[in-house]
Each structure stands twice: as structure tokens, then as C-alpha cells.
1. Return yes or no: is SER16 of a type in the set (S, T, N, Q), assigned by TED's automatic domain parsing to the domain that holds HIS152, in contact with a strand residue (DSSP E or B) (Cβ under 7 Å, 6 or more places away or on another chain) and surrounded by fewer than 16 Cβ atoms within 10 Å (Cβ to Cβ)?
2. Please determine whether any residue of segment 400-418 is buried (at least 19 other Cβ atoms within 10 Å of the Cβ), closer than 30 Å to ARG283 by Cα and not small (Gly, Ala, Ser).
3. Take the residues in segment 123-145 that are part of a strand (DSSP E or B) and touching a strand residue (DSSP E or B) at 6+ places or on another chain (Cβ under 8 Å); name whichever of them is surrounded by the most Cβ atoms within 10 Å (Cβ to Cβ).
4. Name the residue that is surrounded by the most Cβ atoms within 10 Å (Cβ to Cβ), counting only residues in segment 19-34 that are free of Cβ contacts under 8 Å to residues at least 60 places away in the same chain and over 24 Å from the mean Cα position of the chain (by Cα).
5. Scan segment 194-205 for residues that are part of a helix (DSSP H, G or I) and closer than 15 Å to LEU243 by Cβ and jot them down.
6. Quick check on my filter: what residues within segment 124-159 are of a type in the set (A, V, I, L, M), within 16 Å of the chain's Cα centre (by Cα) and over 25 Å from TYR38 (Cβ atoms)?
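The values are calculated or read from the model by the stated rules, or taken from the named source; none is laboratory data. Everything numeric in this text was worked out from a predicted model, so none of it was measured. Neighbour counts are summed over all protein chains in view; Cβ atoms, including those assigned to glycine, are modelled from backbone coordinates with ideal geometry.
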Amino acid sequence: MTSNNTAHEASFRDPSGHLFYDGDILRRNILPIYFKQYKQLTESGFFDTLSRKRLLIPHKETSVSDTEIIITPEVIPFITHPYEWSFEQYKQAALLTLRIQKYALTKGFILKDASAYNVTMYEGKPIFIDTLSFDFYEEGTPWRAYKQFITHFLGPLALAKYHGTDIFKMMQTHIDGIPVKLIASLLPGKSKLSSTLYTNIHLLAKMEGKHSEDYKAETKVAKLSLKAQNTILDSLYEYIKKLSLNEATEWGDYYTKTNYDAPAFEAKKGLIKSWVAPLEAKRIIDVGGNDGTFARALDSNAHLIVTDIDANAVDQNFAKAQQNKEQNMLAFVCDVLQPVPGVGFNNTERSSLIERLQSYAPDVTMALALIHHITLSGNVPFEKSAAFFASFSKHLVIEFPKREDSWVTSLLVRKREFINHFDFYNEANFETGFKQYFTLEKKEIIQGTSRVLYLFKKI
């Protein structure tokens with residue numbers, strides 16, 4: 001078997017090999033320049049150990065020749081990127097990277113790359129996905145990926161601590177890491193009181209400013225003992241481990257201030273479950289699903305994606321998934337009004353949200369307590385919302401709050417003198433807009449509420 005296929009857009013930069021699609025199967029080829037490392041990593045049991053611990057994505061060797069080795073990684077249903085992570089997800093991804101580097105050093109290897117894009121969320125926790133990111137450790141040399149770790153992990157996390165998780169969106173425009181000098185300039189003066197931040201960010205930025213552009217901060221020290229390197233790694237690990245976020249958000253405790261009572265809440269759960277169960281879905285996404293309450297209520301073995309604009313809600317969902325060992329639950333941050341675009345070289349290195357959702361091809365999409373926000377907060381016409389959901393949905397379970405619903409009333413009041421511009425917000429116009437792309441299968445008022453639940457099927 002040979003890989004005549006074009007390199008996957010996310011891995012074309014790697015001279016050691018690249019991902020490619022063999023039909024619908026994602027494989028990775030390894031070129032002769034990396035044969036020595038791959039052989040040692042394999043024969044030493046390094047790959048097996050990390051894979052068994054679910055720290056590194058497992059793979060199977062597919063074919064071997066003098067010109068290339070082809071491996072087939074375990075399938076990950078949906079790839080998320082750093083700018084879609086909550087604070088705890090980002091934090092755990094950073095700790096995973098440090099753990100792997102620490103372990104690699106004990107076996108005579110290093111992580112040559114410390115990119116946040118080498119990690120994604122899988123089976124309820126972060127996992128390392130770049131099999132070719134390892135190289136031999138040379139005695140006395142510093143960690144070559146040190147600066148990359150600072151710009152991809154420590155810097156964004158430190159900025160989030162002081163400015164909130166919206167800072168992670170900077171990774172969309174800085175896929176090679178947020179520049180150290182920019183990180184330092186955005187951190188408050190009091191951050192210099194932290195020995196970790198002063199040494200690894202402020203001092204690093206100061207040294208960069210004093211040297212020519214080809215100066216590499218990570219090679220400043222010609223020699224660095226293994227003990228000293230482990231000390232640095234331990235210091236970074238302990239600092240990041242203790243990081244916390246004090247950020248109040250609007251929807252983080254949504255279900256404690258919902259506008260329908262307990263019986264109505266349970267009726268909604270039961271109705272949704274009764275509609276979704278017969279569809280025998282293998283993949284389900286709940287867009288704007290807060291902490292995953294209604295996705296869990298389905299009691300389904302399907303792979304579940306729950307997105308929300310609120311990073312705290314995503315953190316709560318992520319914590320529940322880990323606590324309950326829910327390997328089928330994937331939570332990530334998503335603003336429906338600004339879906340993540342394709343970024344990187346040629347705008348294709350990191351796929352857009354729409355592209356990934358289309359590849360994921362959910363059998364059921366849920367959009368509960370969402371359409372009024374899209375329509376009234378985002379000024380998005382119903383037909384535009386319908387087109388968005390139709391671009392990736394087969395079946396759509398969507399909730400429509402009527403004008404008398406308290407949340408709708410609140411949103412309309414905010415329109416002030418323009419409130420009459422939203423007279424179109426009603427059931428009839430909603431149905432007309434969505435019937436351009438879907439057929440209506442079921443419709444029912446949620447008991448005890450001013451909300452209507454719809455089941456649509458894509459035309």
C-alpha cells in the first residue's frame with residue numbers, strides 16, 4: 001500500500017509524514033527521515049504505554065515498505081480546536097502536554113512539538129493526536145518546544161485568568177501561538193509578582209526584545225541538564241494545575257433560573273426522548289445545550305456533542321462527563337452567530353465548524369431554547385437559521401418560545417423603539433422559514449409553558 005493521496009490540510013507542514021484520506025479512512029504515512037525514531041518508539045513500548053493510558057491516540061500499523069510506513073489511527077468522531085475549549089479543557093490539555101514531555105524524558109525522548117493543535121478532546125478528556133511529535137533526547141539540550149508551549153498554553157491560560165476565556169479566540173488568528181511580547185503586554189503589572197509568569201513570559205519577552213529576530217529564546221542556554229529541565233517542567237505543571245478562573249457568565253447556571261417549573265422541565269425531557277428514540281441515532285448534537293442536561297436525558301448510547309456559547313456551562317458539562325466517565329460526551333464552546341471559520345494557510349489548515357459538522361453528519365440535531373436568541377439577539381431571519389441547521393442536520397428537534405414567553409418578552413423589550421420591527425416573530429413565520437428546508441414531522445406544546453417543540457426532517 002502506498003499513499004499517493006494529498007496530505008491532509010492539517011498536517012502538510014510536517015516533513016516526517018502526513019495524514020491523508022484513503023477513501024473514508026484517515027491514515028498517516030511516515031517517511032524514511034523518521035523511520036529511526038518510529039522504530040525505537042515502537043519497539044521500546046513507548047507508543048503502547050501512552051496509548052494504553054489514553055494519553056496518545058492509538059494506531060495500527062497498516063503497511064511497511066522501504067519508502068514509507070503507513071499507520072491507521074483510532075477514529076476520533078469530531079476534532080475540536082483550542083479556540084473552542086473551555087478553561088478547564090485548555091488547562092487539562094496543557095497538563096497532558098507536560099505529562100507526556102516528562103514521561104518522554106524518562107525514556108530518552110522529547111516532544112519536539114508543543115502545539116495546542118496536537119491535542120483534541122476525546123472520550124471525555126484531552127488526548128494527544130500527533131504520533132510523529134517525538135524525537136530523541138540529546139543529553140544537556142533544553143526542550144526545543146519550550147517557547148511553543150509558552151505561546152500555545154501558558155500564555156493563553158494566563159491571559160484567560162485575568163481577562164476571561166474569550167482570549168482563547170486569539171488562537172484563531174495566531175495558530176502558531178500568541179507572540180510572547182503580545183502576551184506580556186496584555187498581562188497586568190501584578191502578574192510579574194508570579195515567579196512563573198515573570199520568568200517564562202515577561203523575562204522571555206524582554207530577552208526577545210534585546211536580540212535579533214533570529215534569536216531563539218529556547219536555545220539561549222547552550223546546556224541544560226535533565227534535572228534542570230524537569231525542574232522547569234514541574235514548575236510549569238504546578239502553576240497551571242493551580243490556575244483557576246473567576247468569571248461569572250450569563251448562562252453558566254441557566255437551569256437554576258429557567259422560566260418553567262419542574263413538571264414542565266420533566267415533560268420537555270420526556271417529549272424529546274420519545275421523539276428521538278425511534279430515530280435510532282448514532283450521532284447527536286445539541287446546539288446551545290448548556291451543561292448537557294437534555295442530551296443526557298436521552299439516555300442514549302449515541303455519540304453526543306453539546307455546544308454552548310458559555311464557557312462556564314461547557315466546563316460544567318466537561319466536569320460531569322469526567323465524573324460520570326461518559327466517553328460518548330463531547331462538550332465545546334460555540335457561538336452560533338459566529339461559527340468558527342476555516343483558518344491557517346489558505347484558510348484550510350483548521351476546518352470551519354460547518355465543514356466539521358457536515359463531516360460529522362449528526363443523525364439528530366437539537367436546538368432547545370435557542371431560536372429566540374438567534375432571531376431577536378442576532379437579528380437573523382428564520383430562513384437563515386433554517387439554512388444553517390439544514391447544512392448539517394438530518395432531523396432537527398427545535399424549541400420555539402412564543403411571544404408571551406418571559407425570555408422572549410425580555411429580549412423584545414431590549415429592542416425599545418425598534419420593537420415593531422420584530423412583529424414577524426411568531427409561530428407561522430417560524431414554520432414558513434423552516435419548511436423551506438425541512439418537512440414538519442411533529443409539533444407539540446410543552447406542558448405548562450409558552451413553548452412549542454418541533455421535529456423537522458430535512459427535505
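1. Numbers: of a type in the set (S, T, N, Q): yes; assigned by TED's automatic domain parsing to the domain that holds HIS152: yes; in contact with a strand residue (DSSP E or B) (Cβ under 7 Å, 6 or more places away or on another chain): yes; surrounded by fewer than 16 Cβ atoms within 10 Å (Cβ to Cβ): no.
No, not satisfied.
2. Within segment 400-418 (the criterion being buried (at least 19 other Cβ atoms within 10 Å of the Cβ), closer than 30 Å to ARG283 by Cα and not small (Gly, Ala, Ser)), the answer is yes, since at least one residue qualifies.
3. Out of the qualifying residues, it is PHE134.
4. ASN29
5. SER195, THR196, LEU197, ASN200, ILE201
6. LEU157
Yes or no, residue by residue, for (1) touching a Lys or Arg at 6+ places or on another chain (Cβ under 8 Å); (2) modelled with pLDDT of 95 or more; (3) β-branched (Val, Ile, Thr):
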| residue | (1), (2), (3) |
| --- | --- |
| GLU84 | no, yes, no |
| THR97 | no, yes, yes |
| GLN101 | no, yes, no |
| LYS107 | no, yes, no |
| MET121 | no, yes, no |
| ASP130 | no, yes, no |
| SER133 | yes, yes, no |
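Quick grid of which residues meet (1) of a type in the set (Val, Ile, Thr); (2) at pLDDT 95 or above:
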site	(1), (2)
ALA390	no, yes
PHE400	no, yes
SER406	no, no
ASP423	no, no
PHE438	no, yes
ILE445	yes, yes
LEU453	no, yes
